[in-house]
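Visitor: Structure in structure tokens, see below.
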Amino acid sequence: MRIVRFIFRNWALKIGALLLAVILYVGMVALQSTQVWPGQVPITLVNQPANAVLIKPETMPTVGSIRYIAPADVPVSKDSFSATIDLNGAKVDATAGTLVKVQLTAEDRRIQIIDYQPQQVSITLDPIVTRTIPVKVETGEPPAGLSLGTQTQSVSLVVAKGASTRVAQVVQADASVPIDTSGLDVNREFPLVPVDANGDPVQDITLDPATVQVSIQIGSQLRSQTVAVKPVIQGSQAAGYYVTSIDVNPLVVSVSGEADALAALDGAVTTQAISISGATGDVSVNIALNLPSGVEAPDVSTVAVVVHMSSPATTRTVTIGIVPDGARSDRIYTLSIPSVTVTLGGAAAALNAFDTSTLVGVVSVGTLLPGTYTVQVSVGVPSGIKIVAESPPEITVIVTIPPSPSPSPSLSPSASSSPPPSASPGP
């Protein structure tokens, strides 16, 4: 009840005071004329997505034609206003734009903004992508009297990151390496620059790594010479085999390097090691050269090497049994001898590995009728082994028919089985 009495006590005076305040405010506003600030306010982006960038930010308009009301004693300048665009929720698509609102605020509360242009703008957000690109080291022509030797670089590929439309333009990362006229070797890092197909730099692209370590041997004594190729063989071939010859193609190669390094070659370069461990036949490989530091073979990456293997020929004589092939169950085959002597020939390693107990002589009897025949003895041997001699090469085979079995004897009737004689009549 006290609150109600407080509110309605002297209510007429309170309403009068409120009406007076309204009249004074309307009068003040009426006395203030609308003004136009002629300057331009740049637009600031807020809440920009971390995975996108604004395409062509340089084309972003500025806010102008600002109409406002302010007391006469309030100074108005560029610092009196701030324009922003909130990109929270804006579409990330390099092919489509998004219409967003421009928010203009006054730094001084006494300034009332009535209108400004533009109040909306179209922006396009380009997604950030990555792509692997090659690295190219550009040295240009060396100064007169100098030659470039072996060149190495720490990386051959880098990752380009940026707006998809810009990354798509990048074809490689270039490093420009100047050659000093003093002839000193190059060994340091150089910055990488993303470039397009025309060799022009592509802006707003980051590279990982951003530099490349380049080492180049430089000297006035670099020269070339032709040297022989010497294959390096390691390991032991299978027992009974030996190396008969080695073919190398090419036999000679052209190498380049410092004079001292070339002199140390003594007219030849070796290959990487070629293993023939356990080999029982020719070994064919394409193998790299074993070049010392400071020497390179610019025209050859590998050489073809064939290591030819052989085993000395020898013979061995064995006696083997003979068996009939195709024998019929209703015939009897009698062989003149039970075995033959065979001399085998071939590589020593092959003969040593061959189990001669598996050999057998075979005579074919399947088509023979009863009678006496001279039949060839056939002996099968594995590949790589041949029959040098066979004694005898033929044997006699007698084919007979088994005798028919004797018939069983029949039983004769006994006297006891005869009927008794008839009794004579008495007189």
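Only the coordinates and a few stated rules stand behind these numbers; no lab work does. Predicted model only: the values in this text are computed from it and were never measured. In this analysis, Cβ positions are derived from the backbone assuming ideal geometry, glycine residues included, and neighbour counts consider all displayed protein chains.
Visitor: What translational D, rounded to a whole number of µm²/s, comes out for region 35-123 from Stokes-Einstein when the hydrodynamic radius is the Kirkwood one over Cα pairs, at 4 °C and 1.567 mPa s?
Guide: Working: Rh = 14.2 Å.
After rounding, the answer is 92 µm²/s.
Visitor: Let me ask something additional. Any chance you could run the full-extension gain for ALA389 through VAL323? It's 0.36 nm times the residue separation minus the Cα-Cα distance, nm to one decimal.
Guide: On the way: separation 66, 0.36 × 66 = 23.76 nm, distance 1.90 nm.
The span from ALA389 to VAL323 would gain 21.9 nm if fully extended.
Visitor: If you don't mind, another one. Which residues does the label zone of ARG331 cover in region 338-374, counting backbone N under 20 Å from a point 7 Å along Cα→Cβ?
Guide: Flagged as within label range: 338-339, 361-374.
Visitor: Enter the angle in degrees (range 0 to 90, nearest 10) between the Cα long axis of helix 11-31 and the first principal axis of the Cα atoms of the chain, meaning the one along which they spread out most.
Guide: 80
Visitor: Next question, about the same structure. Taking every DSSP beta bridge that has both residues in the chain, what percent is antiparallel when rounded to the nearest 5?
Guide: Details: 95 of 114 bridges.
So the antiparallel bridges in the chain amount to around 85 percent.
Visitor: Same structure again: At q = 0.21, 0.22, 0.26 Å⁻¹, what base-10 log of I(q)/I(0) does the Debye formula yield for region 128-219 when every alpha carbon is treated as an equal point scatterer in vacuo?
Guide: The calculated log intensity ratios at q = 0.21, 0.22, 0.26 Å⁻¹ are -0.92, -0.98, -1.22.
Visitor: Once a ≥ b ≥ c are taken as the square roots of the eigenvalues of the Cα gyration tensor of region 313-400, is the result rounded (a/c under 1.5), prolate (a/b larger than b/c) or oblate (a/b not larger than b/c)?
Guide: Working: a/c = 3.17, a/b = 2.56, b/c = 1.24.
It is prolate, given that a/c is not under 1.5 and a/b is the larger ratio.
Visitor: How would you rank ILE246, ILE66, going from fewest to most other Cβ atoms within 10 Å of each one's own Cβ? Write down the numbers at each step before the final one.
Guide: Details: ILE246 14, ILE66 24.
Ranking ILE246, ILE66 by Cβ neighbours within 10 Å, fewest first, gives ILE246, ILE66.
Visitor: What number, rounded to the nearest 500 deg cm²/dmol, is the helix-based mean residue ellipticity at 222 nm of the chain, given -39500 (n - 2.57) per DSSP H run of at least four residues and division by all its residues?
Guide: Values: 5 runs with 44 residues, N = 427.
Estimated from H runs of four or more residues: -3000 deg cm²/dmol.
Visitor: At a 10 Å Cβ-Cβ cut-off, how would you order PHE190, PHE81, fewest neighbours first? Show your work: numbers first, answer last.
Guide: Values: PHE190 18, PHE81 22.
Starting with the residue having the fewest Cβ neighbours, the order is PHE190, PHE81.
Visitor: Percentage of Cα-Cα pair distances in the chain greater than 29 Å, rounded to whole percent?
Guide: On the way: 71065 of 90951 pairs.
Summing the P(r) tail past 29 Å for the chain gives 78 percent.
Visitor: Next question. For the chain, modelled as a Gaussian network with Cα springs under 10 Å, which listed residue fluctuates most, GLY89, GLY235, GLY294?
Guide: GLY89
Visitor: Moving to a separate point now. GNM, the chain, Cα, under 10 Å: largest mean-square fluctuation among GLY257, GLY326, GLY162?
Guide: Taking springs between Cα atoms under 10 Å, the residue moving most is GLY326.
Visitor: Taking a virtual spin label 7 Å from the Cα of THR98 along the C-beta vector, which residues in region 36-65 bring their backbone nitrogen under 16 Å of it?
Guide: 44-57
Visitor: Quick one: which residues, 5 or more positions from VAL158 or on another chain, have an amide H under 5 Å from its amide H? H modelled 1.01 Å from N in the peptide plane, none for Pro or chain starts.
Guide: Close amide H contacts, sequence-distant or interchain: ILE133, VAL135.
Visitor: Find how much the distance from THR34 to ALA197 grows on full extension, using 0.36 nm per residue of separation minus their present alpha carbon separation; answer in nm with one decimal. Mind dumping the intermediate values first?
Guide: Details: separation 163, 0.36 × 163 = 58.68 nm, distance 5.58 nm.
Here the segment from THR34 to ALA197 would lengthen by 53.1 nm.
Visitor: If you take every DSSP beta bridge fully contained in region 176-288, what fraction is antiparallel? Give it as a percent rounded to 5. Mind showing how you got there, number by number?
Guide: Numbers: 13 of 19 bridges.
DSSP beta bridges in region 176-288 are roughly 70 percent antiparallel.
Visitor: What do you get for Rg/Rh over region 109-174 if you use C-alpha atoms and the Kirkwood form of Rh?
Guide: Numbers: Rg = 24.3 Å, Rh = 17.1 Å.
Rounded to two decimals, Rg/Rh equals 1.42.
Visitor: Considering only Cα-Cα distances, which of the following residue pairs are longer than 30 Å: LYS56/LYS78; LYS230/LYS386; LYS136/LYS230? Don't skip to the end; give the middle numbers.
Guide: On the way: LYS56/LYS78 24 Å; LYS230/LYS386 37 Å; LYS136/LYS230 35 Å.
Beyond 30 Å between Cα atoms: LYS230/LYS386; LYS136/LYS230.
Visitor: Also: Within 10 Å of each residue's Cβ, count the other Cβ atoms and sort ARG166, ARG131 from fewest upward. Could the numbers behind the result be given before it?
Guide: On the way: ARG166 22, ARG131 14.
Placing the least packed residue first, the sequence is ARG131, ARG166.
Visitor: How big is the gap, in Å, between the Cα center of region 50-75 and the Cα center of region 296-354?
Guide: Rounded to whole Å, the Cα centres lie 98 Å apart.
Visitor: Pop the C-beta distance of ASN286 and SER82 into the FRET formula with R0 = 60 Å and round what comes out to the nearest 0.05.
Guide: Numbers: r = 71 Å, r/R0 = 1.19.
Efficiency, from the Cβ-Cβ distance: 0.25.
Visitor: What is the sum of charges, Lys and Arg at +1 and Asp and Glu at -1, for the other residues whose Cβ falls under 13 Å from the Cβ of VAL306? Intermediate values should be presented prior to the final figure.
Guide: Working: positive: none; negative: ASP247, ASP282.
Taking every other residue near VAL306 into account, the sum is -2.
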